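Working notes, beginning with the structure itself.
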Amino acid sequence: MRTLIVLTVLAVLVMAATCYESHESMESHEYLNPFISRRRANDFIRADTRLEAITQERIRERNKAPQERQREICDDYYPCELYAFRHGYAAAYRHYFERRRTK
C-alpha cells in the first residue's frame, strides 16, 4: 500500500512538471488567438522602403549597360544568337551589327 501511494505521488509530480504552462508561453498571445490580420502582419515592412526599391529597379531597367543592350539586340536576331553560342555575344554583335553601322 505504501509503494502505491509513493508511485501515485511521483506520477502526480511528473505530470505537474511536464504539463505546466508557464507565463512565458502565454506572453505572445498566440495561445489565445494564433491568427493575426493582414494589416498587422505587414506592419514590420515600411512602405517607403518598398517604393524606393521599386523606383531603383525601374531606374536600372531604363539605364541598361551597352553590353546588355547589344545582347538583347543579338537575342532578337536568330543567326546572331546562334553565332553567339559559339563565339560569345560580343563577337556575334560585332559580326552582324557593327559592320552595318559603319556603312
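Any read-out appearing in this document is the output of simple, stated calculations on the displayed coordinates, not a laboratory observation. Computed from a prediction, not measured in an experiment: that's the story for all the values here.
The slack between residue 17 and residue 60, meaning 0.36 nm per residue of separation minus the straight C-alpha distance, is 9.5 nm. Length gained on full extension, residue 40 to residue 90, computed as 0.36 nm times the residue gap minus the Cα-Cα distance: 13.0 nm. Rg/Rh for region 55-101 stands at 1.09; both radii use Cα atoms, and Rh follows the Kirkwood definition. Shown in residue order for region 90-96 are the 3J(HN,Hα) couplings computed by the Karplus curve 6.51 cos²θ - 1.76 cosθ + 1.60 at θ = phi - 60°: 5, 5, 5, 5, 4, 5, 9 Hz (x for Gly and Pro).
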